[in-house]
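Below is one structure, written out as structure tokens; the observations come after it.
Where a number appears in this text, it was derived from the coordinates with a stated rule and is not lab data. This is a predicted model, so every value here is computed, not measured. Neighbour counts are summed over all protein chains in view; Cβ atoms, including those assigned to glycine, are modelled from backbone coordinates with ideal geometry.
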Amino acid sequence: MSTLPFSSAAQRNRHAILEQLRLFMPKFGCVLEIGSGSGQHAVYFSKHLPKIQWQPTETVEHLKGLEERISVEGNCRIMPPLRLDVVHDAWPDKSYEGAFSANTAHIMSWKTVEYMFSGLALRMVPGGVFCLYGPFNIEHRYTAESNARFDLGLRAVDPNRGIRDMGDIENLANKHQMLLTHNVSMPANNFILVFVKCETS
């Protein structure tokens, strides 16, 4: 029996997310993943996006499990996982053509979400694409009753957590020269928000 970390959500949503990544992600280059978790997305997406190098990252408490999965199931397009707490750790000294993060913004505090965007803005090339997946509110309203219950559960564990409003995320991105170009409705009341780093003048 496998002892690798496993996320049932990552297993369920990977097909639908891949369809969007094929549409929006750069065809070549390196993608930085924030919060790679169990590593299932990194393994699956790298297999199906053969011209992209995938850089998984995780915080120190989840890094070992991620490293184990990449060691067992990885391929030559997955770079060695990096330790990255977007607030406290040094970011990689590298430029990226793309970035991806799934189910992180509602787990992070709002301050941490701000650090994620500011860090990505400094490291993404002009024209680079950031795809952010997860549940979001629209005009500060839940898009489903299940999301309302989920949000209450998140805040009961940590009041700094919670489903973020799409408009607030867009405004934050704009502050860091990243424009929301697509807002794609996904299964299970989730979305993919697609941001493009502005070209420098």
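The one condition from (1) assigned to a loop (DSSP other than H, G, I, E, B); (2) of a type outside the set (Gly, Ala, Ser); (3) buried (at least 18 other Cβ atoms within 10 Å of the Cβ) that Pro159 does not meet is (3). Evaluate segment 120-133: report whether one residue or more is in a helix (DSSP H, G or I) and among the small types (Gly, Ala, Ser). So far as segment 120-133 goes, yes, one or more of its residues are in a helix (DSSP H, G or I) and among the small types (Gly, Ala, Ser). Of everything in segment 110-122 that is of a type in the set (Gly, Ala, Ser) and surrounded by 17 or more Cβ atoms within 10 Å (Cβ to Cβ), the residue that is farthest from Leu4 (Cα to Cα) is Ala121.
Quick grid of which residues meet (1) closer than 26 Å to Pro187 by Cβ; (2) in contact with a helix residue (DSSP H, G or I) (Cβ under 8 Å, 6 or more places away or on another chain); (3) among the polar types (S, T, N, Q):
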residue	(1), (2), (3)
Ser8	yes, no, yes
Ile17	yes, yes, no
Gly35	yes, no, no
Ser38	yes, yes, yes
Ala42	yes, yes, no
Gln55	no, no, yes
Thr59	no, no, yes
Glu68	no, no, no
Lys94	no, yes, no
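Against the list (1) of a type outside the set (Lys, Arg); (2) in contact (Cβ under 8 Å) with a residue 40 or more places away in the chain; (3) part of a helix (DSSP H, G or I); (4) surrounded by fewer than 17 Cβ atoms within 10 Å (Cβ to Cβ), the condition Asn147 fails is (4).
The combined condition, being in contact with a Pro (Cβ under 7 Å, 6 or more places away or on another chain), under 19 Å from Gly39 (Cβ atoms) and of a type in the set (A, V, I, L, M, F, W, C), is not fulfilled by Leu84. Pairs meeting the criteria (first residue in segment 101-115 and touching a residue at least 60 places away in the same chain (Cβ under 8 Å), second residue aliphatic (A, V, I, L, M) and in a loop (DSSP other than H, G, I, E, B), beta carbons under 9 Å, at least 6 apart or on different chains) are Ala105/Ile163. For the structure I just gave you, tell me whether Tyr133 is touching a Cys at 6+ places or on another chain (Cβ under 6 Å) and closer than 22 Å to His176 by Cβ. Considered against the rule, which asks whether it is touching a Cys at 6+ places or on another chain (Cβ under 6 Å) and closer than 22 Å to His176 by Cβ, Tyr133 comes out as no. Counting only helices (runs of 4 or more DSSP H) that sit completely within segment 2-109, those holding 3 or more residues that are within 13 Å of the chain's Cα centre (by Cα), among the hydrophobic types (A, V, I, L, M, F, W, C) and crowded, with 17+ Cβ neighbours inside 10 Å correspond to 8-24. Scanning segment 182-191 for residues that are free of Cβ contacts under 8 Å to residues at least 40 places away in the same chain and either of a type in the set (Gly, Ala, Ser) or more than 11 Å from Phe136 (Cα to Cα) (or both) turns up just one, Ser185.
Checking Asn183, Asn174 one by one, the residue that is under 22 Å from Gly98 (Cβ atoms) and in a helix (DSSP H, G or I) is Asn174 and no other. Counting the residues of segment 181-190 that are under 15 Å from the mean Cα position of the chain (by Cα) and surrounded by fewer than 20 Cβ atoms within 10 Å (Cβ to Cβ) gives 3.
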